[in-house]
Amino acid sequence: MNDDTLQQIYDHAVQWTREAGKYIREKMKESISVSTKANQDDLVTDVDRAVERFFQEKIAASFPHHRLMGEEGSYEAIKDLTGTVWILDPIDGTVNFVHQERYFAISLGVFTEGHGVIGIVYDVMNDELFTAQEGKGAFVNGQELAKLSEMNLNESILSFNAGWILKDRKLEMLVEEARGIRSYGAAALEIAYVAAGRLDAYISFHLAPWDIAGGYVILQEVGGVATDYSGKELTFLHKGTFFAANPYLHKKILQLLRGS
């Protein structure tokens, strides 16, 4: 993909994301229909579905050869990442959206032949837009993010759901070693926060490609590292574990968790 084409896709993606954010804010003034999917905590709203349809229509009209992998159904047709695939979570952090009306985001990653080239994470309520193009740096509201700098674990702020400690009690060591632990309930935002240096690592045991694709590209542009929980490369086709961190902490944390 040449630079002009990439820029065109990026410009459309940013515009559509902002339009979708405006739509979400307007819908929040009305009654929102909420239902469950896999379990009672896996929520979906009519707004999630409408935002995904909006992107489907826009992509089909402007880039008919591209495909959409969206959380609310369009992912079912995606079996590989050949060509150009837009990986979308229309509202990442739906529980927050429903209960708190904040700390949720539109997450979008554009991948070409399995490789992330554009990343967007939009904090709708704070109007904070994180963006990246491969090789051109990462930005928040147009302000370039600095490359991540060296730091120590005992000075770090980490993010993971407290419930994950029940799945791996070794995480208690991170609670003891780190300066602080946080959990925001929106993976895309938490990855973007690692890229911005607001958090230093983020761990989850159950994420889908649409949760992480946008933040992953942004993180790459500031030198961050993202793998699965064991340190293996991500595939962006299946749900799984996720571990994003400042590059100086990623190896240290893996070593600590492995006891090496």
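The table for this structure:
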item: Coil-residue GluC sites (Glu not before Pro) of the stretch 173-260, DSSP, other Cβ within 10 Å capped at 16; result: 233
item: Lys/Arg +1, Asp/Glu -1 at C-beta; the chain dipole; positive extreme among 164, 139, 235; result: 164
item: Helix 46-62 axis, angle to the chain major axis (alpha carbon atoms, nearest 10°); result: 70 degrees
item: Unit charges on C-beta of K, R, D, E only; dipole of the stretch 133-239, Debye; result: 200 debye
item: Size of charge dipole - the chain - debye, nearest 20, with Cβ of Lys, Arg +1 and Asp, Glu -1, no other charges; result: 440 debye
item: Helix 247-258 axis, angle to the chain major axis (alpha carbon atoms, nearest 10°); result: 60 degrees
item: Where only alpha carbons of the stretch 1-144 are counted, the Rg and the Dmax (Å); result: 15.0, 45
item: Rounded accessible area per residue of the stretch 176-260, 1.4 Å, Å²; result: 39 Å²
item: Sparse-neighbourhood loop sites, GluC sites (Glu not before Pro) in the stretch 80-146 - DSSP loop, at most 15 other Cβ within 10 angstrom; result: 101, 113
item: GNM result for the chain, Cα springs below 10 Å: residue of 166, 108, 145 fluctuating most strongly; result: 166
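The values are calculated or read from the model by the stated rules, or taken from the named source; none is laboratory data. What you are looking at is a predicted structure, and each value in this text was computed from that prediction instead of being measured. Cβ atoms come from the backbone with ideal geometry, glycine included; neighbour counts cover every protein chain shown. We work out accessible area using only protein heavy atoms, side chains counted, and drop any ligands, DNA or RNA first. Shrake-Rupley method; radii C 1.70, N 1.55, O 1.52, S 1.80 Å.
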